[in-house]
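The values are calculated or read from the model by the stated rules, or taken from the named source; none is laboratory data. Note that the structure is predicted; figures quoted are calculated from it, not measured. Note that we place each Cβ from the backbone using ideal geometry, even for glycine, and neighbour counts take in every protein chain shown. Side chains included, ligands, DNA and RNA excluded: accessible areas come from the protein's heavy atoms. Shrake-Rupley method; radii C 1.70, N 1.55, O 1.52, S 1.80 Å.
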Amino acid sequence: MPKPVASENSANTSSCLDEYDPAALSVDSARNKILEAVAPVSGTEQLALRQTLNRILANDVYSPMDVPPATNSAMDGYAFAGTDLELAQSSGLHVTGTAYAGRPFQGKLTTGECVRIFTGAILPPGTDTVAAQERVTRSNDAQPDVILLDSTTRSGDNVRQAGEDISAGDCVLKAGTRLQAAELGLLASLGIGEIHVRRRVRVAFFSTGDELRSIGEPLEPGMLYDSNRYSLYGLLSSAGCELLDMGVVRDTPEATEKAFALAAENADVLITSGGVSVGDADYVKTTLDAFGQVNFWKVAMKPGRPLAFGKINNTVFFGLPGNPVSVMVTFYQFVQQALRKMMGETFTQPLIVRAVCQSRLRKRAGRFEFQRGILTRNNEGQLIVSKTGQQGSGILSSMTRANCFILLPETMTDIEAGMEVEVQPFGQFF
Ligand code: AMP
Ligand code: MG
């Protein structure tokens, strides 16, 4: 039975007037403005294969050779000429030698003969078919041994043709590809030991707030440990950035100005957390207003409403909200794609799937909500999702328990259990 789909038109306008802000940017338009404003960094370097893990390929790669380089056996069995098939199934073939992987059979075959062959061994000249050993009866009544084939093998069976995976000259990887395990293996299979990759994007980041303490310091009343720098460290490292961790910057005009100037000199991107809310006592906004190229946005989303974006000289600046969940949500929705574009990576949009919601979700119209969910399959194989408890923007455990965002677009209101919702599984950076 089709499940009722959560309606995007049933906005309960009376309950959300206080939240509706006509000046707020939609998530999509904020993302598009950001993506339009950033460009790939220039510069490449040549690295040894292992060092290129999670780096972005600078040029197309063409194969210098066929893969596999020679026609070889896909099975342990017996190699023979397909024209001898009938003979092999009626009176049998003489076994005149053995071909091992890495040790080819050196002799010549004539009609009525075959060679014992192992997986990966080069097919001896004159053969084009391999009978799996399970399909064969071998007897040593005659010398040399004779094999008799059952009726299931056909001419050409169980053979990997030279170049069937890759032909010499084929473009095997496109510039802009992120090099991961499969790519490393593929390049190794072509004997390519050094690769041209894009230089890494240099990202400076710091936390703002007089209430923040670093690990190891005592917590006086009203203080809390700086967690955002650690989440950002994880997100940025997984993304493959070069990091410049600038610590916690105190809420004074001097400290804030100094930190911005240092980051602008040394990094392609600066990411801060905290101090971007309206009416904040922090100095991020006042300091940046003087630079003139930074916009302070209200984005119609939850969590993550306040967001600053712009440039400080040539450095791209993201002022993320202070709340720990907001940092991760805004990073995922805005920063990650911008970084990938700056890295020169060709990327696709994050996957979105539909799942039946198991929880009742409170949702106000007028903002895009990113609730944290657990996506699984039920016994019928259907995708189901439930929320991870309390959804406050400071509750980081809602992220650690989650494996996806439940996407609740602006016009949607409360979701009842059993309705279908859209879900964005966490990508590789979580
Ligand atoms: P702000 O945007 O600076 O007003 O911060 C919003 C909330 O997030 C406040 O409750 C802050 O204490 C908290 N917060 C800001 N920065 C951090 C951080 N680096 N680690 C943990 N919590 C933070
Ligand atoms: Mg603050």
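Quick notes on this one:
- Rh (Kirkwood; distinct C-alpha pairs) - the chain, Å: 26.2 Å
- Largest-first ellipsoid semi-axes for region 253-343, taking √(5λ) over the Cα gyration tensor eigenvalues, angstrom: 19, 17, 10
- Comparing mean-square fluctuations of G275, G156, G373 from a GNM of the chain with C-alpha springs under 10 Å, the top value falls on G156.
- The packing ranking, built from the mean of other Cβ atoms within 10 Å per residue, places the peptides 239-247, 321-329, 40-48, 226-234 in the order 321-329, 226-234, 239-247, 40-48, highest first.
- Cα convex hull volume per residue for region 252-408 (Å³): 132 Å³
- The chain, accessible surface, carbon-and-sulfur percent (1.4 angstrom probe): 50 percent
- Overall, the chain carries a charge dipole of about 520 debye about its Cα centre when +1 sits on the Cβ of Lys and Arg and -1 on the Cβ of Asp and Glu, all other atoms neutral.
- For region 297-350, a Kirkwood radius taken over Cα pairs fed into Stokes-Einstein (25 °C, viscosity 0.890 mPa s) yields D = 205 µm²/s.
- Sparse-neighbour loop sites [GluC sites (Glu not before Pro); region 397-430; at most 12 other C-beta within 10 Å; DSSP]: E416
- Per residue, the convex hull spanned by the Cα atoms of region 190-234 measures out at 109 cubic angstrom.
- Segments 29-37, 71-79 sorted - mean Cβ within 10 Å per residue, highest first: 71-79, 29-37
- Expressed in units of 2.2 N^0.38 Å, where N is the residue count, the Cα radius of gyration of region 180-327 is 1.22.
- Residue-normalised accessible area of region 224-314, given per residue in Å² at a 1.4 Å probe: 44 Å²
- As a rough guide to protection, the peptides 166-172, 53-59 ranked by mean Cβ packing within 10 Å, highest first, stand as 53-59, 166-172.
- Highest-MSF residue in the chain out of R116, R354, R199 [GNM, Cα springs under 10 Å]: R116
- Surface analysis of region 114-221 yields an accessible area of 50 Å² per residue, using protein heavy atoms and a 1.4 Å probe.
- Alpha-carbon gyration tensor eigenvalues x 5, square-rooted, for region 120-259, Å: 66, 21, 10
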